[in-house]
Amino acid sequence: MNDLSINTGLAGKILTGFIRSELNRAGFTRAVLGLSGGIDSALSCVLAAEALGPENVLAVRMPYRTSSSESLEHAQLVIDKLGIRALTIPISEMADPLIALDPEISNLRKGNIMARCRMIVLFDQSEAFKALVIGTGNKTEILLGYSTLYGDSACAINPIGDLYKTQVRQLSRALGIPAEIVDKPPTADLWVGQTDEGELGYTYEEADKLLYLLVDQRYSPEECIEAGFDAGFVHSIVERVRCNQFKRILPPVAKLSNRTIGYDFLYLRDWGT
């Protein structure tokens, strides 16, 4: 009923092929991504290096002044393991002037500012390196809206967006990502002591089991409750998925003409889909 296990060999082959074909389709042979020291960006980085060759991948570390030194060290483990190109571009001097405008600014607003500063850095480097930006968001985060719009969610392609966090861990172990990265508590490293699960209020494992039933198995909320999930938990997850739909689509265009972009006019590769 709730099997989140994957064939890691097949998944790796599909995802590296996806990266190559999507970049080639757009006329690119290089990739750039933000390497945070966490498991998601490490997995995207390993897949990109395998797909394109390490010389064609640029990993960018973008610490803020409160970022953990461990994050930089863990990112370096991936850089050294793969032999990819790397840059470290601190974002404190970008983010601080905006943060300083409001003495009462919340941690959430600070985090969004940092995420969007990192997006600016990555897309600037994509032009400098003549590369496309590779996404690092997993399926759990995308469904729950646990990302910053036009921040860490901004990318040209996303190879891991159909992997739940549980599956990201499976594939990461299979591909030899260091255990200190795979096993540490997930964090966006936006402020001291911040963790993903602390903010969400539940573990990724709990969320994945429920989301798998709701999304992949098409269970109704009532059927999930009958399967043993707490009713409050089910309704909170369903509401979160519903409210964050706007983060998962391009901005809707108001229809005025006979052929509206995204509705009647689809690019050639999207015909029939």
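The single condition among (1) surrounded by fewer than 19 Cβ atoms within 10 Å (Cβ to Cβ); (2) among the hydroxyl-bearing types (Ser, Thr, Tyr); (3) touching a strand residue (DSSP E or B) at 6+ places or on another chain (Cβ under 6 Å) that Ser92 does not meet is (3). For the structure I just gave you, tell me whether Leu190 is within 30 Å of Ala42 (Cα to Cα) and modelled with pLDDT of 95 or more. Here the answer is no, as Leu190 does not meet what is asked. The requirement of being in contact with a Pro (Cβ under 6 Å, 6 or more places away or on another chain) and either under 18 Å from Gly37 (Cα atoms) or not in a helix (DSSP H, G or I) (or both) is satisfied by Pro90.
Output the residue which, of all residues in the range 46-85 that are of a type in the set (A, V, I, L, M) and more than 19 Å from the chain's Cα centre (by Cα), is surrounded by the fewest Cβ atoms within 10 Å (Cβ to Cβ). Across the range 46-85, the extreme among qualifying residues is Leu77.
Thr195 fulfils the conditions (1) of a type in the set (Ser, Thr, Tyr); (2) closer than 24 Å to Asn112 by Cα; (3) in contact (Cβ under 8 Å) with a residue 40 or more places away in the chain except for a single criterion, (3). Quick one: how many residues across the range 1-56 are under 29 Å from Lys209 (Cα atoms) and part of a helix (DSSP H, G or I)? Result for the range 1-56: 22. Each residue in the range 159-176 was checked for being under 24 Å from Leu122 (Cβ atoms), polar (S, T, N, Q) and surrounded by fewer than 21 Cβ atoms within 10 Å (Cβ to Cβ), and 0 pass.
Residues of the range 191-235 that are of a type in the set (Val, Ile, Thr) and in a helix (DSSP H, G or I): Val215, Ile225, Val234. If you take the residues in the range 103-148 that are of a type in the set (S, T, N, Q) and farther than 26 Å from Glu239 by Cβ, which one is surrounded by the fewest Cβ atoms within 10 Å (Cβ to Cβ)? Among them, the one singled out is Gln125.
Residue count for the range 151-174 under the criterion of being of a type outside the set (D, E, K, R) and under 17 Å from Ile249 (Cβ atoms): the result is 8. Checked against the criterion of being over 15 Å from Gly34 (Cβ atoms), at pLDDT below 95 and under 17 Å from the mean Cα position of the chain (by Cα), the range 172-179 contains not a single residue that satisfies it. All of Arg116, Arg173, Arg169 fail the test of being touching a Phe, Trp or Tyr at 6+ places or on another chain (Cβ under 9 Å) and over 22 Å from Val215 (Cα atoms), apart from Arg116.
The values are calculated or read from the model by the stated rules, or taken from the named source; none is laboratory data. In this text, all values refer to a predicted model and were calculated from it rather than measured experimentally. Quick reminder, even Gly has a Cβ in these numbers, built from the backbone with ideal geometry, and neighbours come from all protein chains shown.
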